[in-house]
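Remarks on the structure that follows.
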Amino acid sequence: MTTPTADIDENAPRVEGKHEFVELLESGNKPASDWRIGTEHEKFGFLTKDFSPLPYDGDASVHAVLKALADEYGWEPINEAGYLIGLKKDGASVSLEPGGQFELSGAPLEHIHQTCNEVGQHLREVKAISDRLGIGFLGLGFSPVWSLAETPIMPKGRYKIMRDYMTKVGRLGQQMMFRSCTVQTNLDFASEADMVKKYRVSLALQPLATALFANSPFAEGRTNGFLSYRGHVWTDTDPDRTGMLPFVFEDGFGFERYVDYALDVPMYFIRRDGTYLNCAGMSFRDFMDGKLPARPGDRPTIDDFMDHLSTIFPEVRLKTFLEMRGADAGPWDRLCALPAFWVGILYDNHALDGAWELVKDWTAEQREMVRRTAPVLGLRTPLPNGKGNLQTLALEILKISRYGLKARAQLSTSGDDETGFLEELQQIAETGHTPAERLLKRYQEVWKGDISQAFTECAF
């Protein structure tokens, strides 16, 4: 989630030492009765008249949709340097990704039925506004047609700094920023030990999520050779702040070890006087010592560290909760399936133990191999040691997730439990055909090579 400038307390006390950052992460510990589910999803806006990307300004624009959501549905505006850049209401927020992707960061909710209602309400609001403005929204993991040069840049200070730095550390970082969309879920933990177990299981399984939700086989008007091009992009974005984090699986991993990792990730920026100061590549440890070249003598606040954590992008990210980051965006039903998949695995101890048994023997090299192969082969990705492929694993893990959801016994008003949200994933796993492969079949047999059809068939 992106923290708006207005919410940063620049006058807060400066930290005295690393222990305060460790205590911050520890503050996420909560009893199972207080665990919640936060779901985030992104989508591409476009003009229906010509399928061009949605600009920031104009009658049909990002700004117009944000303003209408504020005026008509009671969302509170968030402004930066005179620009409307986001909204918030009832624990949820709407924010802009660098290329104008609309992100709903949902409120922390008790069960998936609430999550799906939240997503549905948001999409209905957006559609009511966008239909009359000649705007559509696209549920894909990567922009299917527009080049990087054609993609608009949103007026947020952090993005200029990030964009410039991305060219120095990897080949595909700007592609990630401006042309990708994801669905994520944020989940809680009870203790440091519980966090460690959940982190290891979810990190090892993140490539499985990449395969099950693979939905980005197109780029710049043609096929791109991948099932999840978004997943591939993350393998060449910035090695200092992405990846499978082998140290998570080492003895002694915990909150302090993650803080040490975060402190060694190069900075992007700090915010002072409502302005982003370019600190790209500089050391947060120097910042703690008052030796940051961009701000000599100043030291960080807790908010500065939280900002820094938001610029770290491993496949699973730790804040005061765990973020599952491996999946492509997609249609409405898969937006609900993603949190259901992970809640079933991580919010029941028996399910969590069962999932760990399936991945505990993988080495760091094997986990990395699966991660890099999943965007290409999807569910056909071989598992380590010749034990089947990701389709084999998907069928086993979905059994475990279904068990975990049944055990939760969270019922809708009609008496249904949460397992129904896994049905789409079950079909994908049983057939072995990812969403991307379904799209490629449509592209070849029905669309006859015309990717513009995606703007109708894949629109919300």
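Every number here is computed from the coordinates shown, using simple stated rules; none is lab data. Bear in mind the structure is a predicted one, so any value in this text is a computation, not a measurement. All Cβ positions, even for glycine, are placed from backbone atoms using ideal geometry, and neighbour counts span all protein chains on display.
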Before rounding to the nearest 500, sum -39500 (n - 2.57) across all DSSP H runs of length at least 4 in the chain and divide by the residue total; then give [θ] at 222 nm in deg cm²/dmol.
-13000 deg cm²/dmol
Going from the fewest other Cβ atoms within 10 Å to the most, one would list 371, 124, 36 as 124, 36, 371
By average Cβ neighbour count within 10 Å, what is the ranking of 154-166, 11-23 from highest down?
154-166, 11-23
May I ask you to list the lysines whose Cα is less than 20 Å away from that of residue 168, ignoring any residue fewer than eight positions away on the same chain?
160
At a 10 angstrom cut-off on C-beta neighbours, averaged per residue, how do the peptides 207-217, 138-148 rank from highest to lowest?
207-217, 138-148
At 30 angstrom or more along the helix axis (alpha-carbon based) and mean Kyte-Doolittle of -1.0 or higher, what helices does the chain contain? Whole DSSP H runs only.
112-133
For the stretch 171-239, projected area of the alpha-carbon convex hull averaged over all directions, nm²
5.7
How high is the relative contact order of the chain, given as a whole-number percent (alpha carbon pairs under 8 Å, six or more residues apart)?
21
Here FRET efficiency (C-beta to C-beta, residue 446 to residue 356, R₀ 45 Å, nearest 0.05) is 0.60
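Return the loop-located GluC sites (Glu not before Pro) in the stretch 26-59 (DSSP other than H, G, I, E, B) with at most 11 other Cβ atoms within 10 Å of their own Cβ; answer none if there are none.
Sparse-neighbourhood loop GluC sites (Glu not before Pro): none present.
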Rounded if a/c under 1.5, otherwise prolate or oblate - the stretch 160-277, Cα gyration tensor axes:
oblate
Going 7 Å from the Cα of residue 52 toward and past its Cβ, which residues in the stretch 141-163 have a backbone nitrogen under 19 Å from where you end up?
143-155
Taking Cβ-Cβ under 4.7 Å as the only way to count a partner, pick out the unpartnered cysteines of the chain.
181, 279, 458
Would you calculate the separation in nanometres between label points at residue 407 and residue 310, each defined as 7 Å from the Cα along the Cα-to-beta-carbon direction?
3.5
Given [x] 25, 60, 14, 0; [y] 23, 54, 22, 0; [z] 22, 58, 19, 1, the label whose value is P(r) over Cα pairs in 20 Å bins from 0, in percent derived from this model:
[x]
So, with points 7 Å from each Cα along the Cβ direction, the residue 264-residue 67 label distance in nm works out to 4.9
